[in-house]
1. Mind checking which lysines have their Cα closer than 25 Å to the Cα of A:K20? Skip sequence neighbours fewer than 8 apart in that chain.
2. Assume the label is 7 Å from Cα along Cα to beta carbon: what separations in nm does B:V72 have to the matching positions in the other copies?
3. Explain nothing, just the number: dipole magnitude of the stretch C:78-137 about its Cα centre with +1 on each Lys and Arg Cβ and -1 on each Asp and Glu Cβ, in debye rounded to the nearest 20.
4. Can you give the charge dipole size of chain B about its Cα centre, rounded to the nearest 20 debye, using +1 on the beta carbon of Lys and Arg and -1 on the beta carbon of Asp and Glu?
5. List the residues of the stretch C:36-54 whose accessible area drops by at least 10 Å² when all protein chains are present, compared with their chain alone, using a 1.4 Å probe and counting only protein heavy atoms.
6. Relative contact order for the stretch C:9-84: what percent, with Cα pairs under 8 Å and sequence separation of 6 or more?
7. Suppose all protein chains stay in the model; what accessible area per residue would a 1.4 Å probe give for chain A, in Å²?
8. Which of the residues in the stretch B:1-22 show a loss of at least 40 Å² in accessible area from their chain by itself to the complete set of protein chains, at a probe of 1.4 Å?
Number of protein chains: 4
Amino acid sequence: MPATKEEIAAFIAREFPQTKVAVLEAGDRGATVAHEIGAAELRPGNTVSGPVLMATADVALYVAILGEIGIVPLTVTTSLNINFLRKPAASARILGVCKLIKLGRTLAVGEVSLYSEGSSDIVAHAVGTYAIPARGA
Amino acid sequence: MPATKEEIAAFIAREFPQTKVAVLEAGDRGATVAHEIGAAELRPGNTVSGPVLMATADVALYVAILGEIGIVPLTVTTSLNINFLRKPAASARILGVCKLIKLGRTLAVGEVSLYSEGSSDIVAHAVGTYAIPARGA
Amino acid sequence: MPATKEEIAAFIAREFPQTKVAVLEAGDRGATVAHEIGAAELRPGNTVSGPVLMATADVALYVAILGEIGIVPLTVTTSLNINFLRKPAASARILGVCKLIKLGRTLAVGEVSLYSEGSSDIVAHAVGTYAIPARGA
Amino acid sequence: MPATKEEIAAFIAREFPQTKVAVLEAGDRGATVAHEIGAAELRPGNTVSGPVLMATADVALYVAILGEIGIVPLTVTTSLNINFLRKPAASARILGVCKLIKLGRTLAVGEVSLYSEGSSDIVAHAVGTYAIPARGA
């Protein structure tokens with residue numbers, strides 16, 4: 001049973017109260033999320049730190065999967081591969097746009113393009129795999 | 001000119017004031033770092049969130065490289081691949097133990113084994129690539 | 001100076017005389033290639049072996065890059081990440097469809113979706129990075 | 001029930017009759033294999049082609065896993081990540097030295113260092129994941 005964008009956002013706000021990631025879209029085997037950027041997200045060179053981009057990719061995948069299978073909290077990342085392509089802007093949110101490539105019963109794989117909000121240049125690209133726990137009938 | 005563990009720790013404290021990662025060792029083409037774990041680092045299932053493990057791997061690589069080339073702040077991650085292998089403990093620091101596989105003039109590659117402090121089981125394993133900016137003679 | 005599909009096919013036939021990969025399309029920051037499948041490409045389970053899929057992805061990236069920068073033979077793979085998603089058919093060619101995500105002066109990154117010819121299900125997905133050698137003005 | 005080096009070599013000779021990979025060692029959660037290099041394995045620049053290195057890594061992982069779980073032919077690669085670090089020699093076999101990082105009931109993960117035989121410099125480094133099919137009691 002799929003979950004709506006609002007249900008996923010409420011779940012994330014409850015389970016990850018300190019998150020700086022907002023859910024913008026979910027459904028159609030995809031998702032868009034946005035990570036706030038402040039001083040804590042920057043690194044030398046006046047750019048966004050790598051782990052912030054990784055976290056955005058990871059959440060985008062999670063939201064895309066929950067949008068298809070519903071709120072299954074113990075769905076966990078099993079692998080993530082990320083390539084950093086361009087220096088992100090220091091003053092814009094990071095958007096993560098996920099498309100699921102495979103949605104199996106126990107495994108989901110998706111790719112995520114990351115952008116500085118307001119630009120169409122990809123700043124990083126990730127592919128991740130999630131394990132979906134067994135669910136009752 | 002290599003940097004000492006103390007120099008790297010001081011640099012990180014200054015440039016990443018909110019980091020929760022401590023530098024335990026640096027040198028010999030490797031590094032060990034530790035990430036504090038508190039409520040903000042946990043996720044459903046009472047375990048450490050994936051992005052915390054990714055961040056620890058990323059810092060371990062950065063420290064290992066700075067330990068060889070000195071404080072070159074604009075050394076940046078170009079790719080990271082991580083496999084999550086076991087559920088980390090919720091109450092122990094995450095240790096990241098990096099060994100550099102290649103240290104070229106413009107590129108460094110290293111692998112990182114991640115542990116829950118006090119256990120010898122690998123909880124995740126990462127391989128990352130950093131680009132080293134051109135430096136003057 | 002971009003190379004045409006025909007120029008790339010001729011180059012590959014000359015430099016890789018034993019290749020079983022045909023160039024179907026090149027240009028627009030992308031490429032499509034096809035790998036013949038015979039007994040040598042199969043593995044237990046009556047399916048295509050992993051290395052055949054990897055090789056197809058690698059060539060698709062190479063063709064897409066040469067289609068943009070021209071015949072620069074020493075352009076070499078620096079990393080490749082592949083996820084195997086479904087069992088390919090034993091009797092169909094493997095198609096590799098590449099789209100470049102980044103085309104810089106010294107580095108190109110692309111993603112490749114792999115299919116059994118005649119099916120729209122992705123059997124594997126790869127992301128690869130190539131280093132482009134310095135070229136004269 | 002583990003398989004010996006000889007059992008694995010016989011299985012590979014039977015199931016992959018055209019392979020150019022020899023099994024040198026298996027056991028202790030690891031394996032060493034060697035890939036013959038001839039004209040078909042080279043590429044422009046007089047070096048070993050990327051897919052040959054990928055294939056060597058893939059077989060090294062397979063042998064290491066079979067060495068632990070026995071001859072389970074349908075054990076298949078689910079992901080592989082490889083970084084190419086140095087130009088291999090054109091005239092030496094490629095050695096793949098695998099160490100398993102995790103050996104679970106349904107999933108195994110290992111890393112592979114690749115060398116030109118006779119040199120201690122790593123030419124490429126891979127991390128791969130295999131799915132192990134369910135087995136009877």
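The values are calculated or read from the model by the stated rules, or taken from the named source; none is laboratory data. Since the structure is predicted, the reported quantities are computational estimates derived from the model, not experimental observations. All Cβ positions, glycine included, derive from the backbone under ideal geometry; neighbour counts span all protein chains shown. These area figures cover heavy atoms from the full protein model, side chains too; ligands, DNA and RNA do not enter into them. Shrake-Rupley method; radii C 1.70, N 1.55, O 1.52, S 1.80 Å.
1. Once the sequence-local lysines are set aside, what remains near A:K20 is A:K5, A:K87, A:K99, B:K20, B:K87.
2. Here the equivalent label points are 2.2, 4.4, 4.5 nm apart from this one.
3. Details: 7 positive and 3 negative charges, 39 e Å.
Its charge dipole is roughly 180 debye.
4. Numbers: 12 positive and 12 negative charges, 53 e Å.
That gives a dipole near 260 debye.
5. The answer is C:A40, C:L42, C:R43, C:P44, C:G45, C:P51, C:M54 - residues whose exposure falls by at least 10 Å² when every protein chain is included.
6. Values: 69 pairs, mean separation 21.7, N = 76.
After rounding, I find 28 percent.
7. Numbers: 5560 Å² over 137 residues.
That works out to 41 Å² per residue.
8. For the stretch B:1-22, once contacts with the other chains are taken into account, B:F16, B:Q18 lose 40 Å² or more.
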